[in-house]
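In what follows, a structure is listed as structure tokens, so that the remarks can point back to it.
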Amino acid sequence: MSVLKPLDKLPALNKATILLVSTEDAVLQQLAESMLREDCASQLLVHLATSLPLPSNVTRPRIDLIVFVVNLHSKYSLQNVMESLRHVDASFFLGKVCFLATGAGQESHCSIHRNTILKLAHTYRSPLLFCDLKSEDFKVAIAQRLLRMLQICAGHIPGVSSLNLLSLLQRSETPTLEDPPTLEDL
């Protein structure tokens, strides 16, 4: 089993790499294009994957930030993310993983309850962003926010580390969710 580790490669000068993981290729492609349109002081590399583990026979740069995209309208999307999380080294969860819940604008059609996603993010001590990527304004705002997080995780913002970012993004009223989510929660 191949596990993705944050420090398995040396950082490249002025490069920042983000990995977007989702079952929906079209959504990933649109989000990646929005990110590439934004101004970035670093050379931005965006890698897309439908699931983990990544192929081991491919040469890739060091990954600075992993974003797991969960579609609130698809239980398969959440199941895929939960299975992919097994292929991520624990040290990535020190500020280099983010969860992005899409479809939040249409809560009446959601097949995944918000508390399930909150529990997942709380269990992995990672930030959670809710958005609706069908709206161009939301897509641009999320792209800008992810770029800022990526620059911090890549070490391109002086005086701020991914651990600082993690503590800044933690909510003060974190829910007391004892048990991690399971596939039965679906």
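Just a few scattered comments:
- Of S126, S51, S111, the one that fluctuates the most in a GNM where the chain has Cα springs shorter than 10 Å: S111
- Between the Cα long axis of helix 136-153 and the first principal axis of the chain there is an angle of about 50°, rounded to the nearest 10.
- Checking [x] 44, 37, 36; [y] 49, 37, 33; [z] 43, 41, 29 against Cα extents along the principal axes in Å calculated from these atoms, the matching label is [x].
- Partners of K5 within straight-line reach, counting lysines whose Cα lies under 20 Å from its Cα and excluding those fewer than 8 residues away in the same chain: K15, K96.
- The mean sequence distance of close C-alpha pairs (under 8 Å, at least 6 residues apart), as a share of the length of the range 2-78, puts its relative contact order at 46 percent.
- Extension gain (nm, one decimal) between L94 and Q30, 0.36 nm per residue minus Cα-Cα: 20.3 nm
- Angle between the chain longest axis and helix 25-37 axis [Cα atoms, degrees, rounded to 10]: 40
- Degrees separating the helix 114-123 axis from the principal Cα axis of the chain, which is the longest one: 50
- Mean residue ellipticity at 222 nm, helices only, the chain: -10000 deg cm²/dmol; runs of at least 4 DSSP H residues each add -39,500 (n - 2.57), and the sum is divided by the number of residues.
- The range 6-64 shape via C-alpha gyration tensor axes, a/c threshold 1.5: oblate
- Under 5 Å, built H, 5+ apart or other chain: amide partners of L4: V88, D89
- Calculated FRET efficiency for the pair D39/T59, C-beta based, R₀ 22 Å, to 0.05: 0.20
- Rounded to the nearest 20 debye, dipole of the range 17-185 from Cβ charges on Lys, Arg, Asp, Glu: 340
- Normalised by the number of residues in the chain, the mean separation of alpha-carbon contacts (under 8 Å, six or more apart) gives a relative contact order of 25 percent.
All of the numbers you see were taken from the coordinates with simple rules; none came from a lab. Owing to the predicted nature of the structure, the values given are computational and were not obtained by experimental measurement. Ideal geometry is used to build each Cβ from the backbone, glycine not excepted, and the neighbour counts take in all protein chains shown.
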